Amino acid sequence: MTDNSSKPWGGRFSESTDAFVETFTASVAFDRRLYRYDIEGSRAHARMLARCGILSEDELASILGGLERIEKDIEAGEFEWSVALEDVHMNIEARLTELIGEAGKKLHTGRSRNDQVATDLRLYLRDRIEASLAELKRLQEALLDQAERHSDTIMPGFTHLQVAMPVTFGHHMLAWFENLQRDRERLRDCLGRVNVMPLGAAALAGTSFPIDRHYTAELLGFDAPAENSLDAVSDRDFVIEFVACASLVLTHLSRFSEELVLWASAQFDFVDLPDRFCTGSSIMPQKKNPDVPELVRGKSGRVAGHLSGLLMLMKGQPLAYNKDNQEDKEPLFDTVDTLLGCLRAFADMVPAIQPKADNMRRAAASGYSTATDLADYLVRRGVAFRDAHEIVGRAVRLGIDSGRDLAEIGLEELQALSPAVGEDVYEVLTLEGSVSSRDHFGGTAPAQVKAAVERARQRL
Ligand code: ARG
């Protein structure tokens with residue numbers, strides 16, 4: 001048993017907290033990561049209290065001095081965290097009072113840990129969303145560089161993982177760029193809802209002191225104070241929304257990873273992943289494993305799990321604050337770490353991916369990927385599309401039976417299938433002819449890819 005007289009809320013208790021319950025209910029082991037934001041929030045709160053005449057200028061000065069000292073001590077690893085003091089908020093406040101005396105005890109005027117923790121979390125998340133946006137952008141720039149370099153490098157495009165039509169590697173890179181562009185827009189949009197200030201809501205109903213919430217919000221760079229005090233302390237929808245955004249980023253990176261794993265295999269052999277992003281096997285000396293994409297694919301599942309966990313955390317809670325909300329932090333922190341780690345790995349790795357143009361070309365050429373071009377050609381010559389489809393199906397059959405690609409089948413043989421075939425048919429049967437004919441906005445023609453890269457650079 002510990003003595004509850006040391007606890008900021010010890011007054012109404014006649015018995016000490018059970019030793020296990022103390023550890024069970026404490027969050028300091030993980031929420032200490034919020035210290036910088038907790039101190040930033042306290043500074044602004046104290047300044048506002050002084051401006052409103054609730055604290056004297058001397059008290060403010062000594063609070064600011066104490067907070068600065070605490071921040072330095074924490075950063076130097078010299079702060080003593082105490083589980084008995086439950087969380088980051090009470091640890092810092094208790095130490096402040098220890099350092100500066102009476103004025104320290106006044107900092108919590110007109111404030112509760114309920115609005116304090118919601119504010120800390122929003123400040124933290126704002127900061128981490130900004131970091132995520134920057135990493136996303138770095139990855140997108142790498143994709144644009146690859147797209148520009150390989151605007152006319154041919155590869156097979158797939159549906160059902162079967163060779164479908166030739167595309168360019170640049171076009172494929174731009175597809176990933178677009179995914180991530182939407183992710184970045186979603187995160188920016190989410191940031192707007194994160195950047196609203198709970199402080200002043202106090203425990204749940206506001207405070208009887210004449211505070212100025214707009215001033216505090218301005219000091220902290222929030223867009224506005226939250227409109228409703230009950231809502232401000234109780235909802236964690238901004239955490240859920242961020243984790244949903246992160247889940248989508250990681251779903252995209254997971255799909256991209258799956259492609260890289262396939263492409264790096266001996267069976268596809270489309271790309272070379274640099275050694276520094278791969279690891280070997282402890283038993284099979286020949287192995288070079290694509291660990292980074294595999295791990296990213298795996299980690300995406302963890303974050304999707306956090307999303308459903310947080311939804312479950314929220315759904316049974318009546319207004320306003322409940323201790324359940326303490327459980328939002330570990331999944332949020334893990335999501336932030338996972339997201340930033342995966343983005344960093346990809347932003348570092350993507351510039352170093354070397355496509356193997358010959359292999360990709362061979363795969364595109366051997367998969368009858370220009371069959372649709374032949375059908376379109378016949379349509380241009382007056383054949384109805386359904387009939388053209390049937391004719392080309394027979395041409396493919398002929399190719400399969402004789403081990404030839406469409407471009408290797410002689411003119412007479414093709415004309416035997418359809419009299420509409422002319423000598424110029426071979427222009428559409430080549431891979432280059434196929435990709436360059438898809439020459440419209442959003443198409444895979446090299447000229448379109450180059451133009452899309454230009455536009456994308458503007459949109460970044
Ligand atoms: N550690 C708490 C949390 O993370 C801080 C708020 C505690 N408030 C309370 N009334 N017990 O949610």
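Overview of values
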| read-out | value |
| --- | --- |
| Some residue of the range 297-305 being away from the ligand (no atom under 13 Å from the Cβ) and over 17 Å from the mean Cα position of the chain (by Cα) | no |
| Residue count for the range 7-64, restricted to those that are at pLDDT below 95 and not in a helix (DSSP H, G or I) | 9 |
| Among (1) closer than 24 Å to Ala131 by Cβ; (2) out of contact with any Leu (no Cβ under 9 Å at 6 or more places or on another chain); (3) within 14 Å of the ligand (Cβ to nearest atom), the one test that Leu313 misses | (1) |
| Which listed residue, of Leu67, Leu125, is under 17 Å from Pro198 (Cβ atoms), part of a helix (DSSP H, G or I) and hydrophobic (A, V, I, L, M, F, W, C) | Leu125 |
| Meets criteria (under 25 Å from Ser229 (Cα atoms) and of a type outside the set (Phe, Trp, Tyr)) for Val88 | yes |
| Every pair of residues 6+ apart whose Cβ atoms lie under 8 Å, when the first sits in the range 199-224 and is at pLDDT below 95 while the second is within 16 Å of the ligand (Cβ to nearest atom) | none |
| Residue in the range 316-323 that is on the phi < 0 side of the Ramachandran plot, within 13 Å of the ligand (Cβ to nearest atom) and assigned to a helix (DSSP H, G or I) present | yes |
| Entirely in the range 329-385, the helices (runs of 4 or more DSSP H) that have 2 or more residues that are within 16 Å of the chain's Cα centre (by Cα) and surrounded by fewer than 21 Cβ atoms within 10 Å (Cβ to Cβ) | 329-349 |
| Members of the range 88-112 that are in a loop (DSSP other than H, G, I, E, B) and in contact with a Leu (Cβ under 9 Å, 6 or more places away or on another chain) | Leu107, Thr109, Gly110, Arg111, Ser112 |
| Residue within the range 57-65 that is crowded, with 22+ Cβ neighbours inside 10 Å and either touching an Asp or Glu at 6+ places or on another chain (Cβ under 7 Å) or not acidic (Asp, Glu) (or both) present | yes |
| Cross-chain or 6+ apart pairs with Cβ under 9 Å, the range 313-326 first and in contact (Cβ under 8 Å) with a residue 24 or more places away in the chain and under 13 Å from Ile240 (Cβ atoms), then within 11 Å of the ligand (Cβ to nearest atom) and of a type in the set (A, V, I, L, M) | Asn325/Val117; Asn325/Ala118; Asn325/Val233 |
| Filtered residues of the range 107-150 (kept if of a type in the set (Asp, Glu) and surrounded by fewer than 23 Cβ atoms within 10 Å (Cβ to Cβ)) | Asp127, Glu130, Glu135, Glu141, Asp145, Glu148 |
| Given (1) surrounded by fewer than 18 Cβ atoms within 10 Å (Cβ to Cβ); (2) hydrophobic (A, V, I, L, M, F, W, C); (3) in contact (Cβ under 8 Å) with a residue 40 or more places away in the chain, number of the condition Leu398 does not satisfy | (3) |
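The values are calculated or read from the model by the stated rules, or taken from the named source; none is laboratory data. If you're wondering where the values come from, they're calculated on a predicted model, not measured in any experiment. Methodologically, a virtual Cβ is constructed for each residue, glycine included, from the backbone with ideal geometry; neighbour enumeration extends over all protein chains shown.
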